[in-house]
Structure formats: C-alpha cells, structure tokens
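*Asks:* This is the structure, below, for whatever I ask next.
The values are calculated or read from the model by the stated rules, or taken from the named source; none is laboratory data. Since the structure is predicted, the reported quantities are computational estimates derived from the model, not experimental observations. In this analysis, Cβ positions are derived from the backbone assuming ideal geometry, glycine residues included, and neighbour counts consider all displayed protein chains. Please note that ligands, DNA and RNA were not included when accessible areas were found on the heavy atoms of the full protein model with its side chains. Shrake-Rupley method; radii C 1.70, N 1.55, O 1.52, S 1.80 Å.
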Amino acid sequence: MDFPAYTPCRLCPRQCGTDRLGGAPGVCGETADLRIASWGPHMGEEPCFSGTRGSGAIFFSGCSCHCFFCQNWQISSPRGKGGTVSAGEFHRLALNLIEMGVHNLNFVTPDHFWPHIEALCARLRDEDVQIPFLFNSSGYQLPSMISRYAARMDIFLPDFKFADPVLARLVMRDERYPEIALEALRLMVAEKGFLEPFDPAGADLARRGVLVRHLVLPGHLENSLRALDLLREEFGRWLPLSLMSQYKPTPAAQSRPPFDRHLSAGEYQAAVDHAQALGFENLLVQPLAQSDDFFPDFEKDNPFKGNPEAG
Ligand code: SF4
C-alpha cells in the first residue's frame, strides 16, 4: 500500500517536509515504515475507556512532541523501541484485539502514522467492526487534519499540556503549543461534541466525543491553573476533563529541576481545587499516591504491570 502523504510529510505542526517514503526520519523520528512498540488490552485508561475488558491500545513508535519528561520516552524518542509492521500485520493485530473483547481500539500517538491508521479504520468499518475508534493524542495536532481524523474516529482523547508558551518551548521546543492545541481541541469538540456517555465509574462505556486530559507538573502549578482557565473559557463547565497526577521523573528529567521530583500533594490539590472552583462538572481526578502499575517499561514484554499479558 502506498501512502503519498509521507513525502514530503507535513502531517503534524512540525511541518518538516521530510521524505519519509525515501527512508528519512522526520522530526517525529519515523520513516514511512509503520512501527508499533506495544499493543494489548489496556486497563490504565479512564474507566469509561478501559471498562472490564480493557481498551485495545496500540502504542506507536515516535512522536512529534518529544517532551523531555515523556513517560513513554523509550518508544517516543527518535528511533525508540518498536518493530516494523506491514499493513496486513497491522490489520491482523487489530482483529486480534477485537477478538480479545476490548471495548475500543485506542490509537496512542497516532498522528505521524495517520495514513496507515486511516486505511486500517476504513477497512475495519467495511468489515462491519462496530467498536469505537479512539484518537489518543498530545493535543499537538494540525488543525487542518482534524476533519480527516474525525471521519474515522469516534472519540478524541487529547492532552492540553501547556498554557504557558515559555514552558512549551522549554519542554518540547515549540512555543506555539498552547494556540495549536486549543484550536485542535475546538475543532475536535465541533466535530464530535463532549464525551458521551460520561460515566466516571465506567459502567456505561464511552461511545463518542471528546475528553481532555491535563497532567499537573511539579513546580509549574501556574501552568495548570492557566490551562484550566483557558479550557473553562473555551468550552464551559461541562467539558469532560481528566486531571492527572501521575507525573514521575524519567531519566532525561533527572537533571532538570523541578522536573526531577514527583508532584506534591499540595500542588495536585491546588489544581483540583481550582478546577472545582471553576465549576467543571465532568471532572475526573486521581489519587496522588499511585502504584507503578500503569507507568510503562517498554523494555518488558508487558510494559504495564497492571495489564494482563499481551502482545
Ligand atoms: S509527522 Fe513527522 S515527518 Fe511528518 S511533519 Fe510531523 S515531524 Fe515531520
């Protein structure tokens, strides 16, 4: 299968124009060869996605963000871990997940391999696969791509990482992140609406719409407060929002204080208090002290201790 959009590649906001079909890796670190680092039923998403049988997560190698504290750094770094997969193998892998009984197909960091994913999703729908398809992303998406994503996806699960352009520049070398992500989120909400049903307990699984995630970072509470303000201004108090506390220093963050430490209880509580003061009605919060069950180690066959053994 030929995917001309890989050359010159302008699939993400980096717009680097790389000849990926010719074998060159873009800023995302990937050529036109589809690479997958891990896949399997994943119990570590919000309950409305993981349910009882898991979200059918497919973790792609590479990423266009390259945040230095990325918890998936082993696979998201340029030429990180992962194996090349043909279009036929990709299809069989998806069917395997569906046969395992997962509640949805969860494409994790999908944008730089979108042509492969778009073709797979079209084929699966032609084959009458009915479960929701989920676009699990950084928020750093090209606004002009959102309608193409929406034509194939049922659920958008974007991050809104940075409201502070200076912080975005420091972490991922692009100060445009806040404006790019906000515009992408606007378009996602316009295409799909808010997540429905919204059941924090996960008894009623999500079928369609947008849920936004924000990870509170150590030493950068102001970024979180501003991010919450912006989300409230843009989308109102009914926006489904997952406020995450799971930050853990990675090797690359060890020499970059304050990213070299965990989030404090006070920082996370201050972010939760602010979200509640803003009146967010569909807010998911996490306990601060968590096990490592869903902090990945992609050197292992099963990267997530909390998951059943998988591919
Ligand atoms: S997806 Fe990769 S190659 Fe394409 S524009 Fe983005 S960084 Fe460049």
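*Asks:* Given 20 °C and 1.002 mPa s, compute D for the range 73-132 with the Stokes-Einstein relation, Rh being the Kirkwood radius over Cα pairs; round to the nearest whole µm²/s.
*Replies:* Details: Rh = 12.7 Å.
For these conditions, the coefficient is 169 µm²/s.
*Asks:* Take every DSSP beta bridge whose two residues both sit in the chain, then give the antiparallel share in percent to the nearest 5. Provide the component values of the computation, followed by the final result.
*Replies:* Details: 11 of 34 bridges.
Counting only bridges with both partners in the chain, antiparallel ones make up about 30 percent.
*Asks:* Can you list the HN-Hα couplings for the range 77-93, worked out from phi with the Karplus curve (6.51, -1.76, 1.60; θ = phi - 60°), rounded to whole Hz and with x for Gly and Pro?
*Replies:* These are the phi-based 3J(HN,Hα) values: 5, x, 6, x, 4, x, x, 6, 10, 6, 4, x, 5, 4, 5, 5, 4 Hz.
*Asks:* On to the next question. With the other protein chains left in place, how much accessible area per residue, in square angstrom, belongs to the chain at a 1.4 angstrom probe? Intermediate values should be presented prior to the final figure.
*Replies:* On the way: 12560 Å² over 311 residues.
Dividing the accessible area of the chain by its residue count gives 40 Å².
*Asks:* Could the peptides 144-156, 80-92 be put in order, highest first, of the mean number of other beta-carbon atoms found within 10 Å of their residues?
*Replies:* 144-156, 80-92
*Asks:* Please give the calculated 222 nm ellipticity per residue for the chain, where each DSSP H segment of at least 4 residues contributes -39500 (n - 2.57) and the sum is spread over every residue; nearest 500 deg cm²/dmol?
*Replies:* Only helices count here, giving -9000 deg cm²/dmol.
*Asks:* Using 22 Å as the Cα-Cα cut-off, could you pick out the over-long pairs in Lys248/Lys305; Lys192/Lys248; Lys248/Lys300?
*Replies:* The answer is Lys192/Lys248.
*Asks:* Sort the following peptides by mean Cβ neighbour count (other Cβ atoms within 10 Å, averaged over residues), highest first: 117-125, 38-46, 231-239.
*Replies:* 38-46, 117-125, 231-239
*Asks:* Note the direction-averaged projected area, equal to a quarter of the hull surface, for the Cα convex hull of the range 111-167, in nm².
*Replies:* 4.3
*Asks:* Straight-line reach from Lys81: which aspartates and glutamates have a Cα under 14 Å away, not including same-chain ones fewer than 8 places off?
*Replies:* Cross-link targets: Glu30, Asp33, Asp297, Glu299, Asp301.
*Asks:* Oh, and also: Could you list which residues have their amide H under 5 Å from that of Phe194, counting only those 5 or more apart in sequence or on another chain, with H placed in the peptide plane?
*Replies:* Correct list: Val210.
*Asks:* Cα atoms only: what Rg and Dmax, in Å, come out for the chain?
*Replies:* 18.2, 52
*Asks:* Using a 1.4 Å probe on the protein heavy atoms, what percent of the accessible area of the chain belongs to carbon and sulfur? Present the calculation step by step, with values, prior to reporting the outcome.
*Replies:* Values: 6330 of 12560 Å².
Here it works out to 50 percent.
*Asks:* Using Cα-Cα distances under 8 Å and only pairs 6 or more residues apart, what relative contact order does the chain have, in percent?
*Replies:* This gives 16 percent for the chain.
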